[in-house]
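Trainee: Got a structure here, written out as structure tokens. Questions coming.
The values are calculated or read from the model by the stated rules, or taken from the named source; none is laboratory data. Keep in mind it's a predicted model, so treat the numbers as computed, not measured. We place every Cβ from the backbone using ideal geometry, glycine too, and count neighbours over all the protein chains shown. The area values use the complete protein model at the heavy-atom level, side chains included, leaving out ligands, DNA and RNA. Shrake-Rupley method; radii C 1.70, N 1.55, O 1.52, S 1.80 Å.
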Amino acid sequence: MLTSIIILTYNKLNYTKQCIESIRNNTAKSSYELIIVDNCSNDGTKEWLKSQKDIITIFNDKNLGFPKGCNQGIKISNGESILLLNNDVVVTENWLSNLTTCLYSSHEIGAVSSVSNSCPYYQTIETDYRSIEEMQSFATNYNISDSNKWEGRLKLIGFCMLIKREVIKKIGLLDEIFSPGNYEDDDYSIRIREAGYKLMLCNDTFIHHYGGTSFKENKGYSKLLKNNEAKFKEKWGFTSAKNMELNRNLIGLVDKSPNEKFKVLQIGCGCGATLLYLKNKYKNAELYGVDTNKKALEQADFLVDAFNEDVYNIDEICGYFSNIKFDYIFINHILLDRIENNEILYKMKKILADNGKIFVELKPLAKDKKYCVTTEKLIESLTKAKYKNIDGLIIKYENEVKEYIFSGENIENESMEGEKVAYKIEKKGNSNELQRKLKFLLRRIENNIEVEESREKVYELLKASHINLEDILFSTAKDIIKKDEVLNSVAAKCYEKGLYDNVIPLFQAAYEYNTNNSDVIYNLAYFLYELGEKKLSLTYFEKIRGINPEIDEFILKLKGEV
């Protein structure tokens, strides 16, 4: 079976060489054809590609972007399947055979993707390798085909997406309105699923992805994201970020064994990404969803039952599900302005099983909203609605970022009305509140939850002198497990925002926690170079020689400057 591997290039020759060499070394020659579409590179990429006899090439006289370039490659391809692959990846042993095994294991599967060290939407796994050589050894042990590790997904990230040709014939090419790039993979994922196919993430297949590099923020990129998000919303009637959100933290609150039968209702389920992930983990779970956005709800076609209704109308919801008792009810942030109305919570008990649990998701409230749901109000409402065991509270600071804050057991016995509710909550105080807030933000960075927003808030606290460097170092030492990663992330934000006095101490502390973290070493070395400390910078760069072709080139350049 022939696979057409389509790669777009725009400069970054060293990455391209490494990517292609890894394909040659780890893929049976008879199983693929290699098509490179070059978007007007000017760093020698075109000349090098012309000298390669095993590559089919297209050379554009201007940068057409990702969707248009991929479409050019698809049009001339011959394979039964099409693989869209970024040029900043390094593939591994058994990568293509594993992906192909999953793709053709069922006629229902339309596209598959791999996991990596750097990929959004929970396609990242933890790794500990420190070089490409170690990475290949890691992947050899990891890439053992196992259907138990395949996972249904609402969307796949386009850095590595293997698609059946029959699917492309049915749905067409990538939508070029998203040129030069971003959201075309979200769009394509929806189109594949609407055609009746499943998307699968192959957790048995790992490839390395260089991805973004620190200090390469691009203001134009942010504008592009917003523009393409608007195009996506206009086309589909909902936003990807909100309605296709995969919330694994929510699923972590479910305390059932994998084979148990239980019922879940998610109020505000969007396209159903979280429920689908839940179904992957709990095969016998019965899933139900409610959402106000009919267009988003149509994407949740794998649900046992889906209900389009104004989520404020609890009577309608309870009536619709009157014959079901749910073991878990997930309440989306869209109910926050009414959640303090204990009548809603009281009515919801009608569809909650004995010892069932309700989880409430809090999100930031819009600035023009007049209401504010606090923990105290929520506890008061739960108490009035006769819930007990309101425990494990995670404090939410007024309109701050999202968290899941309570579980409550249903009480049908009226004699329990006077039972005291046990919960733990600290009274607010300026110093303690700021420390809790800092701890909360650092933990969100650590757990990859709304990282950019959390980093921005830490920066704002620093800038306003509400916290200082010592507060960050103290909280990290006391409350954080991945200390080097969190400090590295905060230091990068300080560099980006110009708080230079904090940068070296934070990077240095991160390095002391983990002297093998290549990202920390790179960032520390780069900043020292920017300060003019070239000799010291070189000593750090030497520690990560061999993990990246660009770094090796820079080391040679730096040696000439020292």
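Trainee: For residues in the range 504-562 being within 20 Å of residue 12 (Cβ to Cβ) and not in a helix (DSSP H, G or I), which is most open to solvent (accessible area, probe 1.4 Å)?
Mentor: That would be 545.
Trainee: Looking at 295, 279, can you tell me which residue is more than 19 Å from the chain's Cα centre (by Cα), in a helix (DSSP H, G or I) and modelled with pLDDT of 85 or more?
Mentor: 295
Trainee: Moving to a separate point now. Only one residue in 154, 174 is more than 14 Å from residue 201 (Cβ to Cβ) and of a type outside the set (Val, Ile, Thr). Which one?
Mentor: None of the others qualify; the one that does is 174.
Trainee: When only residues in the range 236-273 that are modelled with pLDDT of 90 or more and of a type in the set (Val, Ile, Thr) count, which is nearest to residue 154 (Cα to Cα)?
Mentor: Only one residue fits best here, namely 239.
Trainee: Another one. Starting from residues that are closer than 21 Å to residue 127 by Cβ and touching an Asp or Glu at 6+ places or on another chain (Cβ under 6 Å), keep the ones in the range 489-537 and report whichever is modelled with the lowest pLDDT.
Mentor: Filtering the range 489-537 for residues that are closer than 21 Å to residue 127 by Cβ and touching an Asp or Glu at 6+ places or on another chain (Cβ under 6 Å), the one modelled with the lowest pLDDT comes out as 513.
Trainee: Residues of the range 252-295 being over 18 Å from residue 122 (Cα atoms) and among the aliphatic types (A, V, I, L, M), which ones?
Mentor: Passing the criteria: 254, 264, 265, 267, 285, 287, 290.
Trainee: Quick one: which residue in 68, 17, 53 is free of Cβ contacts under 8 Å to residues at least 24 places away in the same chain and open to solvent by 20 Å² or more (accessible area, probe 1.4 Å)?
Mentor: Just one listed residue meets the conditions, 53.
Trainee: Scan 12, 75, 53 and give me the residue that is at pLDDT 95 or above and charged (D, E, K, R).
Mentor: Checking each option against the conditions leaves just 75.
Trainee: Might you let me know whether the range 432-443 holds any residue that is touching a helix residue (DSSP H, G or I) at 6+ places or on another chain (Cβ under 9 Å), modelled with pLDDT under 90, outside any helix (DSSP H, G or I) and among the hydrophobic types (A, V, I, L, M, F, W, C)?
Mentor: no
Trainee: Just the residues that are open to solvent by less than 10 Å² (accessible area, probe 1.4 Å) and either outside any helix (DSSP H, G or I) or within 18 Å of residue 171 (Cβ to Cβ) (or both), please, taken from the range 93-105.
Mentor: 103
Trainee: Check whether at least one residue in the range 132-142 is of a type in the set (Phe, Trp, Tyr), buried (at least 17 other Cβ atoms within 10 Å of the Cβ), on the phi < 0 side of the Ramachandran plot and under 22 Å from the mean Cα position of the chain (by Cα), and report yes or no.
Mentor: Scanning the range 132-142 turns up at least one residue that is of a type in the set (Phe, Trp, Tyr), buried (at least 17 other Cβ atoms within 10 Å of the Cβ), on the phi < 0 side of the Ramachandran plot and under 22 Å from the mean Cα position of the chain (by Cα).
Trainee: Is it the case that residue 423 is open to solvent by 20 Å² or more (accessible area, probe 1.4 Å), at pLDDT 85 or above, aromatic (Phe, Trp, Tyr) and farther than 27 Å from residue 245 by Cα?
Mentor: Here the answer is no, as residue 423 does not meet what is asked.
Trainee: I'd like the residue in the range 219-235 that is hydrophobic (A, V, I, L, M, F, W, C) and modelled with pLDDT under 85 and, out of all such residues, is nearest to residue 449 (Cα to Cα).
Mentor: So, considering only residues that are hydrophobic (A, V, I, L, M, F, W, C) and modelled with pLDDT under 85, the one nearest to residue 449 (Cα to Cα) is 225.
Trainee: Specify the residue that is modelled with the lowest pLDDT; the eligible residues are those in the range 143-164 that are small (Gly, Ala, Ser) and either in contact with a Ser or Thr (Cβ under 9 Å, 6 or more places away or on another chain) or crowded, with 22+ Cβ neighbours inside 10 Å (or both).
Mentor: Applying the filter and picking the extreme gives 158.
Trainee: Further, regarding this structure: Pick from the range 262-276 the residues that are part of a helix (DSSP H, G or I) and under 14 Å from residue 198 (Cα atoms): which of them is farthest from the chain's Cα centre (by Cα)?
Mentor: 276
Matching residues to (1) touching a strand residue (DSSP E or B) at 6+ places or on another chain (Cβ under 8 Å); (2) on the phi > 0 side of the Ramachandran plot; (3) of a type outside the set (Ser, Thr, Tyr):
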{"residue": "451", "(1), (2), (3)": "no, no, yes"}
{"residue": "456", "(1), (2), (3)": "no, no, yes"}
{"residue": "465", "(1), (2), (3)": "no, yes, no"}
{"residue": "474", "(1), (2), (3)": "no, no, yes"}
{"residue": "479", "(1), (2), (3)": "no, no, yes"}
{"residue": "522", "(1), (2), (3)": "no, no, no"}
{"residue": "533", "(1), (2), (3)": "no, no, yes"}
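Trainee: On to the next question. Got a sec? Which strands (runs of 3 or more DSSP E) wholly within the range 1-92 have at least 3 residues that are among the β-branched types (Val, Ile, Thr)?
Mentor: By residue number, 3-9, 32-38, 55-59.
Trainee: Among the residues of the range 480-489, are any assigned to a helix (DSSP H, G or I), open to solvent by 50 Å² or more (accessible area, probe 1.4 Å) and among the basic types (Lys, Arg)?
Mentor: The answer is no; no qualifying residue exists.
Trainee: Can you tell me how many residues within the range 2-14 are under 19 Å from residue 553 (Cα atoms) and either of a type in the set (Gly, Ala, Ser) or surrounded by 21 or more Cβ atoms within 10 Å (Cβ to Cβ) (or both)?
Mentor: Residues in the range 2-14 being under 19 Å from residue 553 (Cα atoms) and either of a type in the set (Gly, Ala, Ser) or surrounded by 21 or more Cβ atoms within 10 Å (Cβ to Cβ) (or both): 1 in total.
Trainee: Let me ask something additional. Is there any pair linking a residue in the range 109-132 that is touching a residue at least 60 places away in the same chain (Cβ under 8 Å) to one that is open to solvent by 40 Å² or more (accessible area, probe 1.4 Å) and among the basic types (Lys, Arg), with Cβ under 8 Å and at least six apart or on different chains, and which?
Mentor: 109/198; 110/198; 122/248
Trainee: Which of the residues that make up the range 505-531 are closer than 17 Å to residue 480 by Cα and of a type in the set (Asp, Glu)?
Mentor: Result: 512, single match.
Trainee: Mind telling me which of the residues 533, 550 ends up being of a type outside the set (A, V, I, L, M, F, W, C) and either touching a helix residue (DSSP H, G or I) at 6+ places or on another chain (Cβ under 8 Å) or in contact (Cβ under 8 Å) with a residue 12 or more places away in the chain (or both)? Talk me through it step by step, then tell me what you get.
Mentor: Numbers: 533 fails: either touching a helix residue (DSSP H, G or I) at 6+ places or on another chain (Cβ under 8 Å) or in contact (Cβ under 8 Å) with a residue 12 or more places away in the chain (or both).
Residue meeting the stated conditions: 550.
Trainee: A follow-up question, please. Would you mind finding the one in 231, 256, 279, 263 that is open to solvent by 10 Å² or more (accessible area, probe 1.4 Å) and either farther than 25 Å from residue 321 by Cα or of a type in the set (Ser, Thr, Tyr) (or both)? Walk me through it before giving the result.
Mentor: Details: 256 fails: either farther than 25 Å from residue 321 by Cα or of a type in the set (Ser, Thr, Tyr) (or both); 279 fails: either farther than 25 Å from residue 321 by Cα or of a type in the set (Ser, Thr, Tyr) (or both); 263 fails: either farther than 25 Å from residue 321 by Cα or of a type in the set (Ser, Thr, Tyr) (or both).
The conditions single out 231.
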